[in-house]
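Below: the structure, in structure tokens.
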Amino acid sequence: MTWPALVIQHEEPTPPGLILTWLRDRGADVGTLRIDEQDPRELNPRDYDLIVSLGSEFGAYQDDIEWIKHEMDFLQEAVEANVPFLGVCFGGQILARMLGGEVYKSDTEEIGWLRVGTSQPDLVPDGPWFQWHFDVMMPPQGATVIAENEVGVQAYAIGRSLGIQFHPEVTNEIMDMWVDAYRHELDEHGVDPDRLLTETRERAREHRAMSRKLLDAFLEQIARPRERAS
């Protein structure tokens, strides 16, 4: 038996990577919404057993980007229907904002393989996880903060949703795309792209295992798909 899942992708260089592999391994029939190209109002969020929103080069506070409002409306309907949600980087930020939290530009960027300061390693392992962001997310009232460091919150849970600031989906191929597409950001912040590529390859096997551990724990402890089925 397959079950329906939806991945929200915001631009070409930000594919689901290891998350897509995991979803298919867990028996999901995965659809993709390129929200920068497609109106989400063409879809019904209630049709899915899990929705995943990926990262973006934009900030969740950029109201001049039309599709950000559309995504917030879509996620509002999904949460009201008790659809489990996983927000990755931008996805975690937009969930926080939609539920009444806050997202703003940080004074400190995080780019590289970093630990996240977890309080629940059985759900969110400490890392290192890959990060590439310039924002801070403040979870909404009622959320449980699971990981945080000196920059800000790194993971939080609320209801059947999990928001994370880091990237469990990243692969060697994705890192190649990011370095190519966003090299200007690395140059601006003095980050060595060759070192990022090398470290990603060195960590690939460990990262795959840790990513699957996180995603499996999310499914069983937070999303709890059998509850929605019942």
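The values are calculated or read from the model by the stated rules, or taken from the named source; none is laboratory data. Just so you know, these numbers come straight off a predicted model, no measurement behind them. Cβ atoms come from the backbone with ideal geometry, glycine included; neighbour counts cover every protein chain shown.
If Ala209 satisfies all but one of (1) under 22 Å from Glu57 (Cα atoms); (2) modelled with pLDDT of 95 or more, what's the number of the condition it fails?
Checking Ala209 against (1) under 22 Å from Glu57 (Cα atoms); (2) modelled with pLDDT of 95 or more, the one that fails is (1).
Would you be able to say whether some residue in the stretch 20-27 is buried (at least 16 other Cβ atoms within 10 Å of the Cβ), in contact with a Gly (Cβ under 6 Å, 6 or more places away or on another chain) and in contact (Cβ under 8 Å) with a residue 40 or more places away in the chain?
First pass over the stretch 20-27, keeping only residues buried (at least 16 other Cβ atoms within 10 Å of the Cβ): 20-23, 26.
Filter once more, keeping what is in contact with a Gly (Cβ under 6 Å, 6 or more places away or on another chain): none.
No, because not a single residue in the stretch 20-27 is buried (at least 16 other Cβ atoms within 10 Å of the Cβ), in contact with a Gly (Cβ under 6 Å, 6 or more places away or on another chain) and in contact (Cβ under 8 Å) with a residue 40 or more places away in the chain.
Return yes or no: is Ala78 in a helix (DSSP H, G or I), farther than 19 Å from Met138 by Cβ and touching a strand residue (DSSP E or B) at 6+ places or on another chain (Cβ under 6 Å)?
On the way: in a helix (DSSP H, G or I): yes; farther than 19 Å from Met138 by Cβ: yes; touching a strand residue (DSSP E or B) at 6+ places or on another chain (Cβ under 6 Å): yes.
Against the criterion (in a helix (DSSP H, G or I), farther than 19 Å from Met138 by Cβ and touching a strand residue (DSSP E or B) at 6+ places or on another chain (Cβ under 6 Å)), Ala78 qualifies.
Run Glu57 past the list (1) at pLDDT 95 or above; (2) under 18 Å from the mean Cα position of the chain (by Cα) and report the number of the one that doesn't hold.
Failed condition: (1).
Which condition from (1) surrounded by 13 or more Cβ atoms within 10 Å (Cβ to Cβ); (2) at pLDDT below 95 is the one that Ser230 breaks?
Condition not satisfied by Ser230: (1).
Count, please, the residues in the stretch 61-73 that happen to be more than 16 Å from the chain's Cα centre (by Cα) and either of a type in the set (A, V, I, L, M, F, W, C) or within 22 Å of Leu20 (Cα to Cα) (or both).
2
Hey, any hits in the stretch 85-97 for a residue that's polar (S, T, N, Q), assigned to a helix (DSSP H, G or I) and crowded, with 18+ Cβ neighbours inside 10 Å? Before the answer, list the steps.
In the first step, residues of the stretch 85-97 are kept if they are polar (S, T, N, Q); the result is 93.
Those left that are additionally assigned to a helix (DSSP H, G or I): 93.
From the residues that got through so far, the ones that are crowded, with 18+ Cβ neighbours inside 10 Å too are 93.
Looking through the stretch 85-97, at least one residue is polar (S, T, N, Q), assigned to a helix (DSSP H, G or I) and crowded, with 18+ Cβ neighbours inside 10 Å.
For the stretch 44-84, how many residues meet the condition of being surrounded by fewer than 24 Cβ atoms within 10 Å (Cβ to Cβ), among the aliphatic types (A, V, I, L, M) and out of contact with any Pro (no Cβ under 7 Å at 6 or more places or on another chain)?
The number of residues fulfilling the criteria is 4.
Which of the residues belonging to the stretch 28-56 are assigned to a loop (DSSP other than H, G, I, E, B) and not aromatic (Phe, Trp, Tyr)? Before you say what the answer is, go through the steps one by one.
Narrowing the stretch 28-56 to residues assigned to a loop (DSSP other than H, G, I, E, B): 35-39, 43-44, 48-49, 54-56.
The answer is Ile35, Asp36, Glu37, Gln38, Asp39, Leu43, Asn44, Asp49, Leu54, Gly55, Ser56.
Could you please find all residues in the stretch 39-75 being touching a residue at least 12 places away in the same chain (Cβ under 8 Å), more than 20 Å from Ile158 (Cα to Cα) and among the charged types (D, E, K, R)?
Within the stretch 39-75, Asp39, Arg41, Asp47, Glu57 meet the criteria.
Here are the criteria: (1) within 14 Å of the chain's Cα centre (by Cα); (2) β-branched (Val, Ile, Thr); (3) closer than 27 Å to Arg205 by Cβ. Tell me which single one Ile94 does not satisfy.
Only one criterion in (1) within 14 Å of the chain's Cα centre (by Cα); (2) β-branched (Val, Ile, Thr); (3) closer than 27 Å to Arg205 by Cβ is unmet by Ile94, namely (3).
Quick check on my filter: what residues within the stretch 5-27 are hydrophobic (A, V, I, L, M, F, W, C) and assigned to a strand (DSSP E or B)?
Of the stretch 5-27, the ones hydrophobic (A, V, I, L, M, F, W, C) are 5-8, 18-20, 22-23.
Residues satisfying the conditions are Ala5, Leu6, Val7, Ile8.
Among residues belonging to the stretch 158-200 that are among the small types (Gly, Ala, Ser) and surrounded by fewer than 21 Cβ atoms within 10 Å (Cβ to Cβ), point out the one that is nearest to Val52 (Cα to Cα).
Top of the filtered list is Gly159.
Those residues that are surrounded by fewer than 17 Cβ atoms within 10 Å (Cβ to Cβ) and among the hydrophobic types (A, V, I, L, M, F, W, C), I need them from the stretch 133-144; list them, please.
Phe134
Exactly one condition in (1) buried (at least 16 other Cβ atoms within 10 Å of the Cβ); (2) in contact with a helix residue (DSSP H, G or I) (Cβ under 8 Å, 6 or more places away or on another chain) is false for Asp39; which is it?
Of the numbered conditions (1) buried (at least 16 other Cβ atoms within 10 Å of the Cβ); (2) in contact with a helix residue (DSSP H, G or I) (Cβ under 8 Å, 6 or more places away or on another chain), the odd one out for Asp39 is (1).
What strands (runs of 3 or more DSSP E) lie completely within the stretch 103-184 and have 1 or more residues being over 15 Å from the mean Cα position of the chain (by Cα) and among the aromatic types (Phe, Trp, Tyr)?
Values: elements: 129-138, 144-148, 153-158, 161-164.
Fully inside the stretch 103-184 and qualifying: nothing.
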